[in-house]
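Before any comments, here is the structure.
The values are calculated or read from the model by the stated rules, or taken from the named source; none is laboratory data. In this text, all values refer to a predicted model and were calculated from it rather than measured experimentally. Note: areas computed on protein heavy atoms with side chains; ligands, DNA, RNA excluded. Shrake-Rupley method; radii C 1.70, N 1.55, O 1.52, S 1.80 Å.
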Amino acid sequence: MSKGARAGLLVAAAAVAALAFVLLRPSGEKPPSTAATETTAASAATEATTTKPEPQVATIRVKGGQPVGGVRKLTFREGERIRFRVTDDAGDEVHLHGYDVEKPVGPGEAANFSVPATITGRFEVELHNSATPIAEVTVEP
């Protein structure tokens, strides 16, 4: 056999051995470089989801039947959640117009709102019994 034929035979044997190694590897086992990359990507994704801060919730305080600091302007984007909280030193019902959601409020009982922002526009929030406006909710597209 010539020297060139032997070299070709050795190259072919090495290629067959490499192919056999890849094909006969257990199916769940991944090459180290791919597994390390996937682990790093998975860790980064987990870290990103666990460190996401909770959205701030505005608190509207009502004292003596009037909103402390005046009527609050709250703005949300369509698809978000309309979130706010109302406290009152007396007692009443809080009404979010347009979405037609009412919640009782009084001493020791806050009214917590968490409503999907599905309707765009401006909506008044009022104390229902006294018809006192306490906030204006704007939902932008």
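Just the ratio, please: alpha-carbon radius of gyration of segment 98-141 over 2.2 N^0.38 Å, N its number of residues.
Details: Rg = 11.5 Å, N = 44, 2.2 N^0.38 = 9.3 Å.
Against the compact-globule rule of thumb, the ratio is 1.24.
Per residue, segment 78-141 exposes 49 Å² of solvent-accessible protein surface, assessed with a 1.4 angstrom probe and all protein chains in place.
Kirkwood radius and radius of gyration were both taken over the C-alpha atoms of segment 78-120, and their ratio Rg/Rh is 1.03.
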